[in-house]
Amino acid sequence: MRGAGLPEVPEQTALVAAAAFPTGTLAMRVREKLAEVFADEPFVSAFGVRGAPGLSPGMPALVTVLQFAENLTDRQAADMAVRAIDWKYALGLELADPGFDFTVLAKFRARLVEHGMERLLFDRLVEHCRQEGLIGAGGKQRTDSTHVISAVRDLNRLELAGESVRAALEALAVAAPSWLGQAMPVTELELRYAARVDSWRLPTSKTKRDRLAEVYGQDAPALLHAIHAPDAPVWLREIEAVQLLRRIFMQTYYVHTDARGREVVRKREAEVDGVPPGHLRLASPYDRDARWSAKGDELFWCGYKVHLTETCDDGTTGAAAAAGADAQAPNLITDVTTTVSTAPDVTATAGIQQRLTERQVKPGEHYLDSGYPCAELVTAAAGEGITVITPLPADHSAQARAAEGFDKSAFRIDWTARQVRCPESRTSTGWYPVQQHGHDAIVIEFARADCSPCPSRRKCTTAARDNRMLTLRPRELHETVAAARAEQKTDTWQAKYALRAGIEGTINQALDATGLRRARYRGLPKVSLQHAYSATAINVIRLDAHWTDQARRPRTSRLTRLAHQLAA
């Protein structure tokens, strides 16, 4: 590709586009207002400088954004660049320009992933909006996640075992056909693995299914032994399908040696042999990052999870206050993060806030649901100037659940003297700083002589040793949690926290407009690229609505704007 930037709009194209669309279209306004976002300079390191000239990198970037804004396939997007006048205007093409082959878009995405540029365009748009005053630091932002279904078929364990062998054989037939023909009985294997495992019906008989699992369990190690033989090319082991076959075989079968010293392979039984944890267990030989996950009792999916963060100022903070009430900025996505489906939401919180800080759009208030916070994160965010508005998990101890139990809030803590006084005015006898699950904690112990005869012992503890023990966090974390739990019970906090619910509308818009729910590609890097461009497309759609709304509204005088600012 050549780094020449988006070409100037040809005069004839501009005339026809203006005649066909007097009020303009989204594609035309993107070209007019955001052309600098699609500059070529940031893409230079990912594209060569020798060879025949190709497209400007900014052109497929713009096509990809418009493609996601209209939820089109690669072929449909390439066709739009040929027959849609407003797209030709946006790309700066002549009316008779034949466009480009749709495979250019796939190659463009692959090049971005290879050079770690999945989020490049999204970050440039956020920076542009910051410079225009549409996004600012110190405002309100909210975050939520939703599940994403992978672009692979759902396979049960038996199908996964067979398809992993077939995928490895297909890859070897392309990479090393001569070696495969000599090392393995290709004619015999072709009878079993010519067609995809999910293209035919598995046997209904348990005996036949067990026999099929046994066959797969024999073919997989035979192929792996041949690949790792001393006379086999070493590079065969680096083929991704071979590496995945090895992992899937290990998670599906158990290998042991019998009394005669023979190697025996049998299917793993979860209760007896154990299986890998969900975050390590492969779900497909074609997508090494897709994982099975569950949320509640009803949602069960194979794929990923995406986190969206957007501004949600109400006109009193952030960019909205700077622009004035009459020019309130639209809610724009400021961060998009894709993770494996098994990653808890809490693992994404720190990274989101760090990226927002690096982009100079750090929120003053960050609204999150209960899956994102922990005491450490809330305290650390407060130290960085971010107030986290979120319901912290409640105390789930037996005493807290009991209607008359003595939970931690019933005890008075003297941090200076390192003592705790219980509701019956007994003082603790032990204060032990410890490490629990990699975190600092303090274990408090009361004397058995005080607890055994206590009339309130049943409300306090049911331990066999008859004395109460407490586990506290360090002082700062303990006080943060106690204050947060007390505040979130108030009506004022509940009314304030209602602002977080608006992120659900953004997620629904992303699902409907860009097809966010289903992954278009395979692998976490490519799915991350999809979500970054989906978020960019949503921002473009909202900016277009903001531009057109501003164009329809009457101009306000500077005096009126000043009056609004003084009133605020």
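The values are calculated or read from the model by the stated rules, or taken from the named source; none is laboratory data. What you see is a predicted model; the values in this text were computed from it and never measured. Neighbour counts run over all protein chains shown; Cβ positions are idealised from the backbone, glycine included. Accessible surface areas use protein heavy atoms only, side chains included; no ligands, DNA or RNA. Shrake-Rupley method; radii C 1.70, N 1.55, O 1.52, S 1.80 Å.
What strands (runs of 3 or more DSSP E) lie completely within region 339-453 and have 3 or more residues being touching a Gly at 6+ places or on another chain (Cβ under 9 Å) and open to solvent by less than 40 Å² (accessible area, probe 1.4 Å)?
Details: elements: 365-367, 387-389, 412-414, 419-421, 430-436, 439-445.
The qualifying strands (runs of 3 or more DSSP E) are 439-445.
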Inset, instruction - Restricting attention to helices (runs of 4 or more DSSP H) lying wholly within region 44-158, give those where 2 or more residues are free of Cβ contacts under 8 Å to residues at least 24 places away in the same chain and either under 20 Å from Ile352 (Cα atoms) or open to solvent by less than 20 Å² (accessible area, probe 1.4 Å) (or both). - result: none
Inset, instruction - Check Ala519 against each of (1) closer than 30 Å to Gly116 by Cα; (2) open to solvent by 50 Å² or more (accessible area, probe 1.4 Å) and name the one condition it does not meet. - result: (2)
Inset, instruction - Determine whether Gly217 is at positive phi and either without any contact (Cβ under 8 Å) to a residue 24 or more places away in the chain or open to solvent by less than 80 Å² (accessible area, probe 1.4 Å) (or both). - result: no
Inset, instruction - All but one of (1) of a type outside the set (S, T, N, Q); (2) farther than 25 Å from Asn331 by Cα; (3) open to solvent by less than 60 Å² (accessible area, probe 1.4 Å); (4) without any contact (Cβ under 8 Å) to a residue 60 or more places away in the chain hold for Gly505, so report the exception by its number. - result: (2)
Inset, instruction - Please tell me if Ala241 is more than 37 Å from the chain's Cα centre (by Cα) and surrounded by 13 or more Cβ atoms within 10 Å (Cβ to Cβ). - result: no
Inset, instruction - Filter region 30-41 down to residues that are surrounded by fewer than 20 Cβ atoms within 10 Å (Cβ to Cβ) and either in contact (Cβ under 8 Å) with a residue 12 or more places away in the chain or of a type in the set (Gly, Ala, Ser) (or both), then give me how many there are. - result: 6
Inset, instruction - Go through (1) over 20 Å from Gln218 (Cβ atoms); (2) outside any helix (DSSP H, G or I) and name the single condition Ser178 misses. - result: (2)
Legend entry - Filter pass, Leu529 being open to solvent by less than 70 Å² (accessible area, probe 1.4 Å), in a loop (DSSP other than H, G, I, E, B) and among the aliphatic types (A, V, I, L, M): no
Inset, instruction - Identify all residues within region 159-190 that are farther than 22 Å from Glu240 by Cβ and crowded, with 21+ Cβ neighbours inside 10 Å; write none if there are none. - result: none
